[in-house]
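> Got a structure for you, questions after.
The values are calculated or read from the model by the stated rules, or taken from the named source; none is laboratory data. Here the structure is a predicted model, which is why all the values come from computation and not from measurement. Here the Cβ positions follow ideal geometry from the backbone for every residue, glycine too, while neighbour counts run over all protein chains shown. Heavy atoms of the whole protein, side chains included, go into the accessibility calculation; ligands, DNA and RNA do not. Shrake-Rupley method; radii C 1.70, N 1.55, O 1.52, S 1.80 Å.
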Amino acid sequence: MKNSYPQFKSIQIRNVRHWQTGDLTELLIAGGKFVPELTGQAELVLDGQGLTALPGLIDAHVHLRDPGFEYREDIITGTRAAAHGGFTAIAPMPNTNPVADTVPIIRYMIDKAATAGFCRVLPIGAATKKQEGQELSEIGLMTEAGAVAFSDDGVPIASAGMMRKAMEYAAFFDRVIISHCEDPELAKDGVCNEGIVSTEMGLKGIPSIAEDIMIDRETRIAEYLGCHVHIAHVSTAGGVECVRAAKARGVKVTAETCPHYFTLTEEAIRGFNTLAKVNPPLRTESDRLAIIAGLQDGTLDIIATDHAPHHTDEKDCEFSLANNGLIGLETCFPLVYTRLVEPGHLSLADAVSKLTANPARLLKQPKPGLEVGLAADLTLVDLEETVTYDAASSLSKARNTPFQGFELRGFPQLTIMAGNITWDSGRLTK
Ligand code: DOR
């Protein structure tokens, strides 16, 4: 399946609110870019009244399951879901089958996404071969082929020596290591956060220190080497504190969190709700508040989804056997808007920067924005209308979301990538 929306040589979007200034503005698009003027009438004229224009969102952490697990998701359905969520670029983790640790797989992902035409795919290559933590992968060759960063996400590199080598080698190619911080011994066999809820439910927990210790390790290695390291999906107050302290020491560290960590707590798993089973696990209310504080003071630079599609059968089972992860591409911006911006935790501009400029910098992408001369990547969101989220509306193959029935605002109505429409709710083009 390919993008079959009608496409236009030139587009004029009138009356739309600018995400940064809040002013009503007009956007003109031709040749895939924002332009100062058009010669003659635009082929498509849209009235953006009531909508806000954001630069195309960039997700630094997704799972597309392709190659190897296409029964959960594939590059086409994943990129369609991304466009539906307002994204124009997404970075898939390498835990595919085979693992994305060679040039052909990196090329396959980029080419399949480009042919489908819904969203750019910026692959993250495996840092070590087969994500086994034993031998470095071909970081240089994969970089040449288009890999934007390297990680053994999901299978943390246990050896500090190997992590040091990976950081040094990636830096040589101007690439960053993204670390899923979890001490394997401390986390072993855990299925949720360790605490009162795990005790009451009789489940083996993963202590917050499993994450904190590894964040401390990674930032100390990066400090020693003078390398940049990026910390994936921070979920703990201790983790936020480690990153904050490292930044204060001048360490080149960036960090992300995900909407589920500022929206939910471990309480969401009560009733053995496998839809809220994720790794790192949902934590406590004080962790959730620390995540919000970390977003506010800039300790956490990026909001990523960790979109992790799973088949119904992989969730509709005993809690300890269920797979970790939740789909997140289509609820990301609405959760950011409704849970962070509306309550006043973050300004719209700060929130959008964590979904655009900051991930673009991490992934070595051009500066996003709505300015003349830049690629016409944008999404128009409705910040007024309340929608009761229904996973049945998802364009992903998967339905594993804990956000069913949430009342949210900020759903995208139209997404454009390089001047091409990639998602259209039909509201503007009717
Ligand atoms: O919840 C998660 N799901 N955490 C991970 O680290 C991996 C991911 C997946 O691939 O499903």
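> Could you work out, for the stretch 107-168, what percent of all Cα-Cα pairs fall into each 5 Å distance bin, beginning at 0 Å and stopping at the bin that holds the largest distance?
4, 19, 26, 21, 14, 9, 5, 2, 0
> Can you pull the three principal axis extents for the Cα set of the stretch 1-121, in Å, largest first?
Here the spans come out as 49, 27, 23 Å, largest first.
> In whole Hz and in residue order, list the ³J(HN,Hα) couplings for the stretch 410-427 that follow from phi through the Karplus curve 6.51 cos²θ - 1.76 cosθ + 1.60, θ = phi - 60°; x for Gly and Pro.
x, 6, x, 10, 8, 10, 10, 10, 6, x, 9, 6, 10, 8, 9, 6, x, 5
> With a point put 7 Å past each Cα toward its Cβ, work out how far Lys364 is from Glu407 in nm, to one decimal.
Here the modelled spin labels are 4.7 nm apart.
> Over the stretch 1-149, what is the mean sequence separation of C-alpha contacts under 8 Å (at least six apart), divided by residue count, expressed as relative contact order in percent?
The normalised contact order for the stretch 1-149 reaches 19 percent.
> OK, next. If I compute solvent accessible area with a 1.4 Å probe over the protein chains, what percent of it on the stretch 1-65 is carbon and sulfur?
Carbon and sulfur: 46 percent of the exposed surface of the stretch 1-65.
> Give, rounded to the nearest 20 debye, the magnitude of the charge dipole that the chain has about its Cα centre when Lys and Arg contribute +1 at Cβ and Asp and Glu contribute -1 at Cβ.
820
> Quick one: if the Förster radius is 56 Å, what FRET efficiency do Arg14 and Thr199 give, using the C-beta to C-beta distance and rounding to 0.05?
The formula returns an efficiency of 0.45 here.
> Give me log10 I(q)/I(0) at q = 0.10, 0.11, 0.15 Å⁻¹ for the stretch 155-292, Debye formula, one equal scatterer per alpha-carbon, no solvent.
For the stretch 155-292, the Cα-only Debye profile gives -0.33, -0.40, -0.70.
> Which of the trypsin sites (Lys or Arg not before Pro) found in the stretch 266-322 are loop residues per DSSP with 11 or fewer other Cβ atoms within 10 Å of their Cβ?
Arg270
> Give me the percent of accessible area attributable to carbon and sulfur for the stretch 236-371, probe 1.4 angstrom.
52
> Let me ask something else. Calculate, for the chain, the solvent-accessible area per residue in square angstrom, rolling a 1.4 angstrom probe over the heavy atoms of the protein chains.
38
> So how compact is the stretch 33-97: Cα radius of gyration and Dmax in angstrom?
16.7, 50
> For the stretch 190-204, what does the Karplus curve 6.51 cos²θ - 1.76 cosθ + 1.60, with θ = phi - 60°, yield as ³J(HN,Hα) per residue in whole Hz, taken in order and with x for Gly and Pro?
In residue order, the calculated couplings are x, 10, 7, 5, 7, x, 4, 5, 5, 5, 4, 8, x, 10, 6 Hz.
> In the stretch 207-260, if the dipole is taken from +1 on Lys/Arg beta carbons and -1 on Asp/Glu beta carbons about the Cα centre, which of Leu225, Ser235, Thr257 is farthest to the positive end?
Leu225
> Can I ask one more? For Leu141 and Ile209, what does the FRET efficiency come to when R0 = 51 Å and r is the distance between their Cβ atoms, rounded to the nearest 0.05?
The value I calculate is 0.85.
> When the convex hull of the Cα atoms of the stretch 89-217 is projected onto a plane and the area is averaged over all directions, what value comes out in nm²?
In nm², the orientation-averaged hull projection of the stretch 89-217 is 9.0.
> Between the stretch 1-19 and the stretch 173-244, what is the separation of their alpha carbon centroids in Å?
41
> I've got another one for you. Suppose each label sits 7 Å from its Cα in the direction of the beta carbon; what would the Thr21-Asn273 distance come out to in nanometres?
4.3
> Something else: Any chance you could check the Cα centroid distance between the stretch 75-140 and the stretch 301-348 for me, in angstrom?
20
> Whole-Å semi-axes of the stretch 221-310's equivalent ellipsoid, largest first, each the root of 5 times a Cα gyration tensor eigenvalue?
26, 14, 10
> How large is log10 of I(q)/I(0) for the chain at q = 0.07, 0.08 Å⁻¹ when the intensity is taken from the Debye formula with one equal scatterer per alpha-carbon?
Here the Debye-derived log intensity ratios amount to -0.31, -0.41.
> Pairs of alpha-carbon atoms within less than 8 angstrom and 6+ residues apart define the contacts here; what relative contact order does the chain have, in percent?
Contact order relative to length: 20 percent.
> In 5 Å bins starting at zero, report the fraction of Cα pairs in the stretch 296-430 per bin as a rounded %.
P(r) for the stretch 296-430, in whole percents per bin: 2, 9, 15, 19, 20, 16, 11, 5, 1, 0, 0.
> Another question, if that's okay. Please report the equivalent ellipsoid semi-axes of the stretch 331-388, computed as sqrt(5 x eigenvalue) of the Cα gyration tensor, largest first, in whole Å.
Semi-axes, largest first: 23, 14, 10 Å.
> Further, regarding this structure: Quick one: among Val387, Val336, Val99, which has the greatest mean-square fluctuation in a GNM of the chain with alpha-carbon springs under 10 angstrom?
Val387
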